[in-house]
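The values are calculated or read from the model by the stated rules, or taken from the named source; none is laboratory data. Treat the numbers as computed from the prediction; the structure is a model and nothing was measured. Positions of Cβ are generated from backbone atoms using ideal geometry, with glycine treated the same way; all protein chains shown enter the neighbour counts.
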């Protein structure tokens, strides 16, 4: 799963439910028209990094559920990364998550 891409597409995402270790996201209809979505679709069936337990994207219902290890991915930082309007803070968080995903 390309976490950096998911972060870049955050304008199309709305957090519907988030508890440590599991986040459910609603995908905006506009996401389906973004060419970067194709990469998300292609990667949906790939083996996720060890800190991601599972990721399920249903583009028909426009929902995503990501289960993750809350000991590795700090839930508050994940929530902030998906909701911040501060571009600098977003870049900091995205870089941190990218390093976690590639470790």
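Points worth noting:
- Residue under evaluation residue 58, criteria (1) more than 11 Å from the chain's Cα centre (by Cα); (2) within 17 Å of residue 8 (Cβ to Cβ), criterion not met: (2)
- If you filter segment 40-55 down to residues that are in contact with a strand residue (DSSP E or B) (Cβ under 8 Å, 6 or more places away or on another chain) and more than 13 Å from residue 6 (Cβ to Cβ), you find that the one that is surrounded by the most Cβ atoms within 10 Å (Cβ to Cβ) is 51.
- Looking across segment 53-80, the residues that are under 20 Å from residue 33 (Cα atoms) and not in a strand (DSSP E or B) come down to 59, 60, 61, 62.
- Taking segment 15-31 as the range and being touching a helix residue (DSSP H, G or I) at 6+ places or on another chain (Cβ under 9 Å) and loosely packed, with under 13 Cβ neighbours inside 10 Å as the test, the residues that pass are 19, 29, 30.
- Qualifying residue in segment 16-26 (condition: over 12 Å from residue 59 (Cβ atoms), assigned to a loop (DSSP other than H, G, I, E, B) and either within 11 Å of the chain's Cα centre (by Cα) or at pLDDT below 90 (or both)): no
- Which listed residue is over 12 Å from residue 18 (Cβ atoms), surrounded by 14 or more Cβ atoms within 10 Å (Cβ to Cβ), out of contact with any strand residue (DSSP E or B) (no Cβ under 6 Å at 6 or more places or on another chain) and at pLDDT 85 or above, from 37, 61, 84: 84
- Meets criteria (farther than 13 Å from residue 6 by Cα and touching a residue at least 12 places away in the same chain (Cβ under 8 Å)) for residue 58: no
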